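What follows draws every value from the coordinates through simple rules; no lab data is involved. Being a predicted model, the structure only gives us computed values, none of them experimental. Cβ atoms come from the backbone with ideal geometry, glycine included; neighbour counts cover every protein chain shown.
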Amino acid sequence: MLTVGTGGELRLGPAVDRGGQGELFAVSGRPDLVFKRIHDAELARDAAWPDRLRVMVAHPPAGVRDGQGHVLLAWPSDYVLDGDRCVGFLMPRLDISRTAELHLLANPSDRRSPAPGGPHWAVQWTWRELLHTAVNLAAAVRVVHDSGVVIGDFQERNVLVDQTALVSLVDCDSMQVADPDTGRVFHCTVGRPEYTAPELIGADVANVRREPSSDLFALAVHIHQILFSGAHPFDGLWTGSGEKPRRDRLAAKGWYANGRKGPLRPPPGVPGFELITAPVRDLFDRALAEGARRPERRPTAAEWQAALRELAADLRSCRADRTHVHPREAASCPWCAAERARSEHAPPEHAPPEHAPPARVPAPRQVAAAAPVRRRRRWPAWVGAFAVLATVGAFAVPKVADAVRTEPTPPDIAAPRLTGASTRTVPAKAQFQSAYPSTLRIERASLSGFRLTVSFDARGDYVSNPGFRGARLLVHTRRGLVDVPPMKLEPIASDQKHIAARLTYPAHLPGDYDFVFNRDRFPWTRIGRVDVPAVAVVPNANGAFGTPASWTLFRKTSLPGGRLRLDVGGYGRPGDSCLLPTKSEPKTTEREYQNQTYFTWNGTTSMAVGNAPFYRATLTFPHKSRAFRFYCGISETEIPL
């Protein structure tokens, strides 16, 4: 029987996850907790586990949760016994479905094209949200260090980020802690070389007492990766002689990609230090260059937090591309310059090898003189060509004429109608209004064609913390609720106490539309109802924010010759297999079934921010009295015809 250290029986729910050190289980009756059972092999390897857990439970840091209840540290809250043997511990449960590991957000390719189950809510993140993430990461490290704890294994998989850029540190049971009563130190025995400080390279970390300065090296690396497209500070273009040294050797010399010294330069396509302000540059120099020989010179987490917060308070968007965000003091857009540099360094598609040997030209052969040949009469070349074309055309023209048809232009779809729209001002939820008085003003929404424009203005202490990603639209359709990502974002204001923007959303789904900015602080507010003439609606009710999975079939029209025309609109352009026979229809071979492409794409396209495009199109295809389904890549978007 399992019991907790404070007394009482522990009843387990189903297994949640499994890792190298142990297995996670839900706790019956306590949805806010999970139980981590440590593997027997791990307990046998390190006999100090029971004592470590008792010290951590007895002396938790002061800021395990922030003032709003967010879990900063997944810290052990109680140890668990199996008989008289310590086998694991309880800790706060995090909603993993709403978080992502740090590297999935810092890397642009992972962020813009998330894997199945990945953070689809981050596809439209800009540098503004990444900067908020860096501020919150520094705040979490500050809490750890203020309590005398050293993270040790400060790697990207131990940092979870949620949709509002809030950070949680996990695997806290591996951190270095000390017993304040006896002075005994429980070392951090693991680590990743990419985030290991130069003074610890080659050391026996299982028996070395780490200093907080080693965490501050890793913090600087993380912040560099967050701000500079996932680039490690010791990766880049090597301009020195010989081969590029390993990361650990560059770190020991303090030669990082944006440093004042050393032959390492940022890789093409990644902005340089023109993206940040002078105070933040100085912190990087202290952490990565000066700190290589003097670890005590590395800036503290509090210094990072203050400098990054000041940087986040004075940003602007690029005029050419509103998704490019940079400091207001920058003379030009660093992101545009980085894109130009990437294109300049891209290799040509058919470039010959750089050092290819010259082609060998065969020497001319001597040819003996030939006897005079009587010249035949030749018909002009065009005569033969005409004969060939005439012969082929006799067979090909009927088929071409049958395939190319002049379609009448279909009448346009009736425009959506918006009703019930008005200006609304709502206060924060009661639990926030007393501590952080704030208001959200939503201007009267406007509808133009299939574009819905919403303007909001939020004011109050720390109201801008989630960034513009805190603005969300929810549609109540007859098939369920749908989160709709914006097609266009126009920032108006953004500082600590004021954030405002104008957002444009597609209005292809009929239903009631609700809007909120920072749903943890403000309630959802009805902005109106959109009526759309629709034959079928296929929202993805369970998809994450920004999932390209909602479609509307506006009209279905039968055409001569057994063909069908569909007027559709939604997220994600259908692929070549978007029209397939239903399962009840016979098919000759699997190959034929998968390769049918019975449609013509004749629509117009409006691209959204990130990788969630909105399309309106007209599809025509031969129907021939067969049953088909319109299929957009995932099962939730199936429209039976």
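Before moving on, here are some points about what is shown:
- Full extension of the segment from residue 425 to residue 488, taken as 0.36 nm per residue of separation minus the current Cα-Cα distance, would add 20.4 nm.
- Label point 7 Å beyond Cα of residue 84 along Cβ direction - residues of region 1-43 with amide nitrogen under 18 Å: 1-8
- Once the gyration tensor of the Cα atoms in region 99-339 is diagonalised, the equivalent ellipsoid follows with semi-axes of 29, 22, 17 Å, ordered largest first.
- Residue-normalised convex hull volume from the C-alpha trace of region 417-532: 89 Å³ per residue.
- The convex hull around the C-alpha trace of region 1-93, projected and averaged over every direction, spans 6.2 square nanometres.
- Rounded to the nearest 0.05, the FRET efficiency derived from the C-beta distance between residue 59 and residue 207 at R0 = 25 Å is 0.65.
- Hydrodynamic radius by Kirkwood, which averages 1/r over all alpha carbon pairs of region 73-207, in angstrom: 16.7
- Where labels lie 7 Å past Cα in the beta-carbon direction, separation of residue 48 and residue 529 in nm: 6.6
- Distance (nanometres) between label positions extended 7 Å along Cα→Cβ at residue 261 and residue 181: 4.9
- In this rough spin-label picture, where each label sits 7 Å from Cα along the Cβ direction, the residue 107-residue 337 distance is 2.8 nm.
- For chymotrypsin sites (Phe, Trp or Tyr not before Pro), no site in region 415-523 is both called loop by DSSP and has at most 12 other Cβ atoms within 10 Å.
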